[in-house]
Amino acid sequence: MGHSQADKARSRERILNEAATQIRDKGLDSLSIGNLMQQVKLTHGGFYGHFASRSDLIAAALEQALTLGEASARASRDPDKPVSVNSLVRSYLSRSHRDSPKSGCAIGALISDVGRADEQCRAVMEPHIESFIAKVTETLGDDDDARAIVAVSAMVGALAISRVITDSKRSDAILRTVRDSIVAMASDR
């Protein structure tokens with residue numbers, strides 16, 4: 001890769017990282033090309049050297065956000081301990097995760113936005129949801145993913161709802177209740 005191609009790749013990565021952070025924090029519709037390019041200290045016109053359109057940027061930034069969120073979750077786990085249902089649910093439905101939408105799970109942060117987005121964005125998120133369900137299925141030790149679908153839906157929903165509730169005690173109660181219910185469901189087997 002030549003020097004200019006390497007510079008272009010680094011610039012694209014800076015754009016994607018900043019865009020991923022912005023959409024996780026403020027949603028898909030918040031992304032402004034002009035503001036984004038200013039944040040990464042590049043020209044507005046230079047944007048089109050990296051992306052064909054704002055839609056292409058949003059899809060790429062969504063993929064980046066999802067990938068970074070998954071990497072962050074893996075990095076926070078002890079590699080010497082197997083992932084248990086209890087540890088997975090406690091980590092996902094925690095205050096720190098609730099209070100960190102721009103660094104936590106992008107599914108939880110953006111599920112409603114992507115549900116209203118174009119097919120390109122939905123196609124980006126769908127395999128990440130399926131991967132999450134597969135991970136929970138494996139963690140539960142099930143052959144069927146039905147309980148994992150319930151658990152993932154409950155976790156993502158509880159995280160989203162807890163971020164809306166302004167009373168911190170009530171928000172904590174939502175996280176705790178769903179956490180306890182999923183752990184109980186897992187042990188009922």
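The values are calculated or read from the model by the stated rules, or taken from the named source; none is laboratory data. Keep in mind the model is a prediction, meaning the values are calculated, not measured. In this analysis, Cβ positions are derived from the backbone assuming ideal geometry, glycine residues included, and neighbour counts consider all displayed protein chains. Protein only, heavy atoms only, side chains kept; ligands, DNA and RNA dropped before computing areas. Shrake-Rupley method; radii C 1.70, N 1.55, O 1.52, S 1.80 Å.
Residue pairs, Cβ under 7 Å, 6 or more apart or interchain, first in region 111-125 and over 13 Å from VAL156 (Cα atoms), second in a helix (DSSP H, G or I) and of a type in the set (Lys, Arg). List them.
Listed by first residue and then by second, the contacts come to VAL114/ARG122.
Can you pull out every residue in region 138-178 that is open to solvent by less than 40 Å² (accessible area, probe 1.4 Å) and in contact with a Leu (Cβ under 7 Å, 6 or more places away or on another chain)?
THR139, ALA148, MET155, ALA158, LEU159, SER162, LEU175, VAL178
Given the condition under 27 Å from SER112 (Cα atoms) and either surrounded by fewer than 18 Cβ atoms within 10 Å (Cβ to Cβ) or not acidic (Asp, Glu) (or both), answer yes or no: does some residue in region 2-11 qualify?
no
Restricting to region 103-137, and then to whatever is among the hydroxyl-bearing types (Ser, Thr, Tyr) and open to solvent by 60 Å² or more (accessible area, probe 1.4 Å), can you tell me which residue is nearest to SER53 (Cα to Cα)?
SER112
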